[in-house]
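Written below as structure tokens is the structure these notes are about.
The values are calculated or read from the model by the stated rules, or taken from the named source; none is laboratory data. Everything numeric here is computed off the predicted structure, so don't read it as measured data. Methodologically, a virtual Cβ is constructed for each residue, glycine included, from the backbone with ideal geometry; neighbour enumeration extends over all protein chains shown. Side chains included, ligands, DNA and RNA excluded: accessible areas come from the protein's heavy atoms. Shrake-Rupley method; radii C 1.70, N 1.55, O 1.52, S 1.80 Å.
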Number of protein chains: 6
Amino acid sequence: MVASEPWYLPVGDEVQVFEAAWRARLPVLLKGPTGCGKTRFIEHMAWRLSGQPLVTVACHEDLTANDLVGRYLLSADSTVWTDGPLTRAVRTGAICYLDEVVEARKDTTVVIHPLTDHRRVLPIEKTGELLEAHPDFLLVISYNPGYQSSLKDLKPSTRQRFVSLEFHYPAVEVEATIVAHESGVDAAMAHRLATIGDKVRALREHGLADGVSTRLLVYTGQLIAGGIAPRRACDIAITHAISDEADVQQAVADIVDVLLP
Amino acid sequence: MVASEPWYLPVGDEVQVFEAAWRARLPVLLKGPTGCGKTRFIEHMAWRLSGQPLVTVACHEDLTANDLVGRYLLSADSTVWTDGPLTRAVRTGAICYLDEVVEARKDTTVVIHPLTDHRRVLPIEKTGELLEAHPDFLLVISYNPGYQSSLKDLKPSTRQRFVSLEFHYPAVEVEATIVAHESGVDAAMAHRLATIGDKVRALREHGLADGVSTRLLVYTGQLIAGGIAPRRACDIAITHAISDEADVQQAVADIVDVLLP
Amino acid sequence: MVASEPWYLPVGDEVQVFEAAWRARLPVLLKGPTGCGKTRFIEHMAWRLSGQPLVTVACHEDLTANDLVGRYLLSADSTVWTDGPLTRAVRTGAICYLDEVVEARKDTTVVIHPLTDHRRVLPIEKTGELLEAHPDFLLVISYNPGYQSSLKDLKPSTRQRFVSLEFHYPAVEVEATIVAHESGVDAAMAHRLATIGDKVRALREHGLADGVSTRLLVYTGQLIAGGIAPRRACDIAITHAISDEADVQQAVADIVDVLLP
Amino acid sequence: MVASEPWYLPVGDEVQVFEAAWRARLPVLLKGPTGCGKTRFIEHMAWRLSGQPLVTVACHEDLTANDLVGRYLLSADSTVWTDGPLTRAVRTGAICYLDEVVEARKDTTVVIHPLTDHRRVLPIEKTGELLEAHPDFLLVISYNPGYQSSLKDLKPSTRQRFVSLEFHYPAVEVEATIVAHESGVDAAMAHRLATIGDKVRALREHGLADGVSTRLLVYTGQLIAGGIAPRRACDIAITHAISDEADVQQAVADIVDVLLP
Amino acid sequence: MVASEPWYLPVGDEVQVFEAAWRARLPVLLKGPTGCGKTRFIEHMAWRLSGQPLVTVACHEDLTANDLVGRYLLSADSTVWTDGPLTRAVRTGAICYLDEVVEARKDTTVVIHPLTDHRRVLPIEKTGELLEAHPDFLLVISYNPGYQSSLKDLKPSTRQRFVSLEFHYPAVEVEATIVAHESGVDAAMAHRLATIGDKVRALREHGLADGVSTRLLVYTGQLIAGGIAPRRACDIAITHAISDEADVQQAVADIVDVLLP
Amino acid sequence: MVASEPWYLPVGDEVQVFEAAWRARLPVLLKGPTGCGKTRFIEHMAWRLSGQPLVTVACHEDLTANDLVGRYLLSADSTVWTDGPLTRAVRTGAICYLDEVVEARKDTTVVIHPLTDHRRVLPIEKTGELLEAHPDFLLVISYNPGYQSSLKDLKPSTRQRFVSLEFHYPAVEVEATIVAHESGVDAAMAHRLATIGDKVRALREHGLADGVSTRLLVYTGQLIAGGIAPRRACDIAITHAISDEADVQQAVADIVDVLLP
């Protein structure tokens, strides 16, 4: 359960759409770039839905269906079944958020299929249990379309089980509010940093694979608030943090030079 | 066992053909695209055949023969054999439905071979048992010819053990009936959504790998019934749900614009 | 042991040649396409040789030498050796039939080498036993030269340990007899189905990787005997059962149209 | 805990920047070539921050999340949970230094994500514990941009969680001080060796993948102090230590010839 | 121990050379094509050297160092060390024959290195034992240079630890003697079969990867002695046993036609 | 511990250099071709350094960090930690010689890093112990630059932790002394064999990947001393022992013909 209201600034109708999906218990896919606030959004929504419990699983290349569903553990003189995070969410009626689900091993997709159609069940092969989902259970997954290879794409038979909410980096004014709120720099500096973020993301077409995340702009603000000179702070938390390529670093440094003269 | 009659609208002679295959105990292969109703069809048939029990296994890249047949589990002071889902079906005379069987590891095909010729036996290597199939056992598998790579094809020696039933998306009138029934929108809106589905599937030749499933059309209806504006609902549950490509999304949005002016 | 005489219609001198190989205890390789009757032939021969016991192992990509030879299983308070199917055959003097042996993992070939030269022994590494084959033990393997890739070829050092019996699909008259016997259709319909089989196999040079098996012709007959219209039965059990390619399906349908007007 | 002050000669503002990051508890990435002093810097900083405990993990291709987080170990009659090095650092408030983190298996990145955003938690899947980081916990990682292949790059979603400190080899005067201090050769010889280092690194564009580390210059000094002739010492600890290529070795030997005539 | 004298017809000075290597305890490599008598030669030599015990291990892609050296096995209430075949040979002074050693996993080569230089020891990592070889221990390995890929070559650091004895198929007169002795056909037929073998091996340059082994010629003789017509016996035990290629089979059949008119 | 003085004939200043490295406890890398005496050199040095104990580990593709460091073994009713060879050497102050270290799995390199810089510690992850090296511990590794692929190169971050001693085959006079001493042939024959070795190594540029090792020349001498004719002995222990290529074998045979007329 999310204890206190997570601070979240909506950028469109995402709150209303999510609530409609929740009411119909439609599985939701959050699409968007790194560090744009998907994790915080889902925490905010869990809090907003009368304190709906939230189970978050960060997926990775070695995550198996067993990691999600559960396994037998050896105790003193027998083996004891232990629910995994997905099973706990299905049983208790939590929102289960699988972050970057395409990273996981393929057997995980099979586990979520019967939870995302009219059946709403979780077959637990190891125990033979066919667990019916709690009425409040909802599955939410995220992925970043920016760096999916064809090997790591969601299969259509998985993808077509989710409604899809797109996320983007916030507009400059919104992001400046966030940076000021989170880092403690004043409004003017926060606006400059948000503008730097906006310009750096525009470099994307010029060979920068990923823009700069809101998180890094907040870091920059924190370093400035902590006494590091603004341009050196940008150097550390933006320029060298996002790339090792000398020409990309130069292009970013040029933007910083203009905006923090 | 399927508890209540699953709602299913036949699109051809598939019910009669399946019943003939069942009477001769011929293994059946269901071919068709994602979300066209294969799973629901088999649930319907199990119910229709006087409540024949049904065992469904969603296959995946890590599914092994042992997952299907069974394994020894460690208990307090010995190891105990536990039947897997296929063995349970063979022993009790259920229909065993292996969904997307080509995804499974190759040792699974070997397990189903002696069950699908004149022998009708399941050799359980680990226990040495040669289990004769219950007279009511039937094996049903599915696969989606649309996205099989050559690596994931059914071997002819497997394929030629099954009669083959093809499934397609339902015609517009049929699909409109389904969307209205499942989502709660009125007949006019259901017809428009079914028409959108039909037009989007026609884009397939223009670079859209998969069409839109009936399931997503139902989701769209559910969002509309839940208060989301129809065009925004299409955006969330169709346009962005089926593709990340900007030009495909535009083509889909154009269809929506025409049909939901 | 094969309980009752398996029905088998010889197509050449294969029965005499197998008996000669058996008398000299020469290992035998059965070569031929899918569904042409190799499994039934070996069952027939086992029965014919005064009820020689038969152990059949369907090989697959994950089959290891341990699966064939045996392993230690954990019981209440110790580990107990359990013979695998090959070891049981070697010890008791059965025919051991390894179906599609090239599919198995490579350590299996090493296990069969000392059983297939003058030594006729099975070294069981795990127990240290050097098991001399029972005088009646015979090793038989099969493979389908039609779809072996170079990765899945028999190594010459394995291959040159076997005499080689080639199998082909039966001639039309023979196959019609089989179809009538197994499916219950009358002689005229069985002949038409056998002729369809013959014509479809002739398509092979026109892009059909595999012909149609005798088994599928029998399925077609069973569907017809069960009340499905003959052309629809061919559709289900032949045309769509052997290919997903529209042009191949059309070519097959054309043959059916001519022969079942 | 680092027992005595590790000798470290700053080359820029890295000490001040690190202290600012530490005060804001911002995760830090140390970038730089092999042997330039990153490990010693982090030891120095741990000592400097009032004796902050330090946990160092050298990452490698087989390092898994379990190696970092912990595992159940089998004792006399049950299994006992044992914290891994990362969990110990999170629990007790140490600096955790993951050296060459991109070498580790991908599941490790997932473990560090929730520790490097506003959540500052470590979910321990195996025990179900959600461990909140001690207020003094800080995560520091290093990597060498010089020899990362695209396969071994930090994912942007990981990278954009860290501020980034770049390290380079020290200037000649600084390095001469280090060499003299560590090896015992006199200032003149130390200066010659540092100059050799500087010239050898300039060869990098001429096909030498990596320069020579400060460590090897110290080794050379130690061999000279131990009685080996200076040119032979360079031969052993520089020329043949950094390359097997005859032309690179010749180019290095030419530099040595000029500077140690 | 080899119980009775294995029948072996020397083709050169291989017996004298092996005896000299044995007296100096030099490791021996037997090179030669499949089925030319290497296994029988080593059995013959073991018998000849006053009944020296012989341990034969057929190597394969999954054979590990542990398979050769030994492992701990779980018994009632502890684990018990069990020597592998190599360790038994080293301890008791047997000849250890590793057939097709390049097939084994690479950790096996490391195990044989200290046994094949001046050290003559076997380090048993698992028990910490450094086992000195019995004075009568000798290591013999074989490989077939005909079908080694570069991936499966002996490393020079392994290869240069062995003296090397080359084997070829026997000359026609010698092979005829063998065929007559082993199959029971008369001298004239044996001579014809040996001539067929000789001609078929000459096809090697014309696309036949491997010739025909002496073993297959003996099989042919056995089938003829068992009542199969000579040309049909050649068909079964030579033509189809060595190739699936129609043109190679035709070339072989042409040779048979000429020699068995 | 090396029991008796290993016979070793120095070819340069390698003994003095190793002693200097030992006094400064600098890690040492021995580079050189197969069979040139690296193993014997390190045994000799261990003996020479007042009987310093020596732990030798032959590395291979499956050698893991756990094999070096140690593992828990299951005993009657608990698990007991057992030091691996590296840990034994670190604890007791032995020279640890990792032969062909690049063959080992990559996690091993991580284990040796903290042992080869100013820290001189071995972190034992499994027990949580941070073992400080005994003052007399020294790490020595070897590798053969002749056949390293780029996949099997030492990483610079590993390589730059070692001083580097190059080994070559001995000069003819030195090698003749060795051959005479080890094989028992007279000085004239030993000189001829050493000259053959020298000429064969000169073929290297003409397509012979590796020269002939001193060990094989000694084998040749032993066969001659055992009664095999000199040219036949060269055939067995040189010509066929080093290559399967007919033209390389011919070139080597030509050298033998000239020198052993």
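Overview of results
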{"quantity": "Residues (away from chain A (no Cβ under 12 Å), within 20 Å of the chain's Cα centre (by Cα) and modelled with pLDDT under 90) located in segment B:50-100", "calculated": "B:GLY51, B:GLN52"}
{"quantity": "Tally, over segment B:110-147, of residues that are among the hydroxyl-bearing types (Ser, Thr, Tyr), open to solvent by less than 20 Å² (accessible area, probe 1.4 Å) and out of contact with any Gly (no Cβ under 8 Å at 6 or more places or on another chain)", "calculated": "2"}
{"quantity": "Criterion: more than 8 Å from every other protein chain (Cβ to nearest Cβ) and modelled with pLDDT under 95 - qualifying residue of B:THR214, B:THR195", "calculated": "B:THR214"}
{"quantity": "Any chance B:VAL248 is more than 12 Å from chain A (Cβ to nearest Cβ), of a type in the set (Val, Ile, Thr) and within 20 Å of B:ASN144 (Cβ to Cβ)", "calculated": "yes"}
{"quantity": "Which numbered condition C:ALA188 fails, given (1) farther than 30 Å from E:GLY221 by Cβ; (2) surrounded by 15 or more Cβ atoms within 10 Å (Cβ to Cβ); (3) modelled with pLDDT of 90 or more", "calculated": "(2)"}
{"quantity": "Filter result (modelled with pLDDT of 85 or more and buried (at least 18 other Cβ atoms within 10 Å of the Cβ)) within segment E:1-22", "calculated": "E:GLU14, E:VAL17, E:PHE18, E:ALA20, E:ALA21, E:TRP22"}
{"quantity": "Test set (1) in contact with a His (Cβ under 9 Å, 6 or more places away or on another chain); (2) within 13 Å of chain C (Cβ to nearest Cβ); (3) among the small types (Gly, Ala, Ser) - E:ALA190 fails condition number", "calculated": "(2)"}
{"quantity": "Filtered residues of segment D:86-136 (kept if within 19 Å of D:CYS59 (Cα to Cα) and in contact with a helix residue (DSSP H, G or I) (Cβ under 6 Å, 6 or more places away or on another chain))", "calculated": "D:LEU86, D:THR87, D:ILE95, D:CYS96, D:TYR97, D:VAL102, D:ASP107, D:THR108, D:THR109, D:VAL111, D:LEU122"}
{"quantity": "Residues being within 19 Å of B:THR92 (Cβ to Cβ) and open to solvent by 30 Å² or more (accessible area, probe 1.4 Å) - total across segment B:56-65", "calculated": "1"}
{"quantity": "Filter result for C:ASP13 (of a type in the set (Asp, Glu) and within 14 Å of chain E (Cβ to nearest Cβ))", "calculated": "yes"}
{"quantity": "Residues within segment C:23-41 that are open to solvent by less than 30 Å² (accessible area, probe 1.4 Å), part of a helix (DSSP H, G or I) and either among the basic types (Lys, Arg) or within 20 Å of C:ARG91 (Cα to Cα) (or both), tallied", "calculated": "1"}
{"quantity": "Near pairs, Cβ below 7 angstrom, 6+ apart or cross-chain, from segment D:117-129 (at the interface with chain A (Cβ under 9 Å from one of its Cβ atoms)) to any residue that is among the charged types (D, E, K, R) and crowded, with 18+ Cβ neighbours inside 10 Å", "calculated": "D:ASP117/A:ARG215; D:ASP117/D:ARG161; D:GLU125/A:ASP67"}
{"quantity": "Test: residue in segment B:227-235 that is touching a strand residue (DSSP E or B) at 6+ places or on another chain (Cβ under 6 Å), without any contact (Cβ under 8 Å) to a residue 12 or more places away in the chain and under 22 Å from A:LEU165 (Cα atoms)", "calculated": "no"}
{"quantity": "F:THR56 farther than 27 Å from F:PRO114 by Cα and hydroxyl-bearing (Ser, Thr, Tyr)", "calculated": "no"}
{"quantity": "Any chance F:ALA104 is at pLDDT below 85 and of a type in the set (A, V, I, L, M, F, W, C)", "calculated": "yes"}
{"quantity": "Among the candidates B:ALA233, B:ALA237, residue that is crowded, with 20+ Cβ neighbours inside 10 Å and touching a Phe, Trp or Tyr at 6+ places or on another chain (Cβ under 7 Å)", "calculated": "B:ALA237"}
{"quantity": "Which numbered condition B:PHE137 fails, given (1) within 22 Å of B:VAL11 (Cα to Cα); (2) touching a residue at least 12 places away in the same chain (Cβ under 8 Å)", "calculated": "(1)"}
{"quantity": "Residue within segment E:95-108 that is open to solvent by 60 Å² or more (accessible area, probe 1.4 Å) and under 26 Å from F:ARG71 (Cα atoms) present", "calculated": "yes"}
